[in-house]
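Below: the structure, in structure tokens.
The values are calculated or read from the model by the stated rules, or taken from the named source; none is laboratory data. Note that the structure is predicted; figures quoted are calculated from it, not measured. Here the Cβ positions follow ideal geometry from the backbone for every residue, glycine too, while neighbour counts run over all protein chains shown. Accessible surface is based on the protein model in full, side chains and every heavy atom, while ligands, DNA and RNA are left aside. Shrake-Rupley method; radii C 1.70, N 1.55, O 1.52, S 1.80 Å.
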Amino acid sequence: NAGVTQTPKFQVLKTGQSMTLQCAQDMNHEYMSWYRQDPGMGLRLIHYSVGAGITDQGEVPNGYNVSRSTTEDFPLRLLSAAPSQTSVYFCASSFGDRGVFFGQGTRLTVV
Amino acid sequence: KQEVTQIPAALSVPEGENLVLNCSFTDSAIYNLQWFRQDPGKGLTSLLLIQSSQREQTSGRLNASLDKSSGRSTLYIAASQPGDSATYLCAVMNTGFQKLVFGTGTRLLVSP
């Protein structure tokens, strides 16, 4: 099992550019989510999905879009990147009481 | 709103010591609590998962306890080793939601 796979691992964007962070899981988990990690702030929830076709906002959703067309994939879109979106992004998946599994993260720098 | 606090923020110990990391949460209506390890520049590795009905979980030299009524969890590391140096994160999942609320972590350094 590959678990949760994120691509790319590193990315540098210019202000105003758009991009999509990819996330895929092969565990047939219903729940998927995106977190961002910033120094001193811990991990904060951006968006989450409880199944294909269903998404909702987390704690810090502004500037990000998500969609969930399949159980396996949950991409995160930055529509117009801003320096405040410089962060490390983690995708996660879970099912029931089995705990939450995380990808290896994407380190994004917006200049 | 659930809030999770971890104390201390940083801890430095010599190799071989037993140590305790603390995690507290404000809302006792939790589904489970999970401890993670994060190495610099890396992802999160799950260490222990405690369901709300459980009091503790053990894995090797690690033992995590949960006292839901007082809103506390502890991670006990026995006979610490330099390889244990990392940041340890506590995260709570509230009942009815598959979302985690994280503490800001304890950065552990174990010196040879």
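Check whether at least one residue in the range A:45-53 is more than 13 Å from chain B (Cβ to nearest Cβ) and under 13 Å from the mean Cα position of the chain (by Cα), and report yes or no.
If we filter the range A:45-53 for residues that are more than 13 Å from chain B (Cβ to nearest Cβ), which is where we start, we get A:52-53.
Checking the rest, the ones that are also under 13 Å from the mean Cα position of the chain (by Cα) come to none.
Among the residues of the range A:45-53, not one is more than 13 Å from chain B (Cβ to nearest Cβ) and under 13 Å from the mean Cα position of the chain (by Cα), which makes the answer no.
In this structure, is A:SER69 more than 14 Å from chain B (Cβ to nearest Cβ), surrounded by fewer than 12 Cβ atoms within 10 Å (Cβ to Cβ) and farther than 28 Å from A:ASP97 by Cβ? Break it down into steps so the answer makes sense when it comes.
Numbers: more than 14 Å from chain B (Cβ to nearest Cβ): yes; surrounded by fewer than 12 Cβ atoms within 10 Å (Cβ to Cβ): yes; farther than 28 Å from A:ASP97 by Cβ: no.
So A:SER69 does not fit the description; no.
Working only within the range B:32-62, note down all residues that are assigned to a strand (DSSP E or B) and over 27 Å from A:PRO39 (Cα atoms). Lay out the reasoning, then the answer.
Going through the range B:32-62, the residues assigned to a strand (DSSP E or B) turn out to be B:32-38, B:44-51, B:56-59, B:62.
Passing the criteria: B:GLN51, B:GLU56, B:GLN57, B:THR58, B:SER59.
Scan B:PHE36, B:PHE25, B:PHE97 and give me the residue that is within 19 Å of A:ALA92 (Cα to Cα) and open to solvent by 10 Å² or more (accessible area, probe 1.4 Å).
B:PHE97
Might you let me know whether the range B:71-89 holds any residue that is closer than 15 Å to A:VAL100 by Cα and within 14 Å of another protein chain (Cβ to nearest Cβ)? Break it down into steps so the answer makes sense when it comes.
To start, the set of residues in the range B:71-89 that are closer than 15 Å to A:VAL100 by Cα comprises B:89.
Next cut, within 14 Å of another protein chain (Cβ to nearest Cβ) only: B:89.
Yes, there is a match, as at least one residue in the range B:71-89 is closer than 15 Å to A:VAL100 by Cα and within 14 Å of another protein chain (Cβ to nearest Cβ).
Go through the range A:72-84 and give me each residue that's open to solvent by 10 Å² or more (accessible area, probe 1.4 Å) and either at pLDDT 95 or above or within 15 Å of A:THR7 (Cβ to Cβ) (or both). Outline the logic, then answer.
So the first thing to find is which residues in the range A:72-84 are open to solvent by 10 Å² or more (accessible area, probe 1.4 Å), and the list is A:72-73, A:75, A:77, A:79-80, A:82-84.
Across the range A:72-84, the qualifying residues are A:GLU72, A:ASP73, A:PRO75, A:ARG77, A:SER80, A:ALA82, A:PRO83, A:SER84.
Being part of a loop (DSSP other than H, G, I, E, B), open to solvent by less than 50 Å² (accessible area, probe 1.4 Å) and touching a residue at least 40 places away in the same chain (Cβ under 8 Å) is the filter here, so list the residues in the range A:85-105 that pass it. Don't jump to the end; show me each part of the working.
If we filter the range A:85-105 for residues that are part of a loop (DSSP other than H, G, I, E, B), which is where we start, we get A:86, A:95-99, A:103-105.
Still in the list and also open to solvent by less than 50 Å² (accessible area, probe 1.4 Å): A:96, A:99, A:103, A:105.
Answer for the range A:85-105, where residues must be part of a loop (DSSP other than H, G, I, E, B), open to solvent by less than 50 Å² (accessible area, probe 1.4 Å) and touching a residue at least 40 places away in the same chain (Cβ under 8 Å): A:GLY103, A:GLY105.
Please specify each residue of the range B:69-108 satisfying the condition of being in contact with a Gly (Cβ under 9 Å, 6 or more places away or on another chain), of a type in the set (Gly, Ala, Ser) and over 15 Å from B:GLN34 (Cβ atoms).
B:ALA78, B:ALA79, B:SER80
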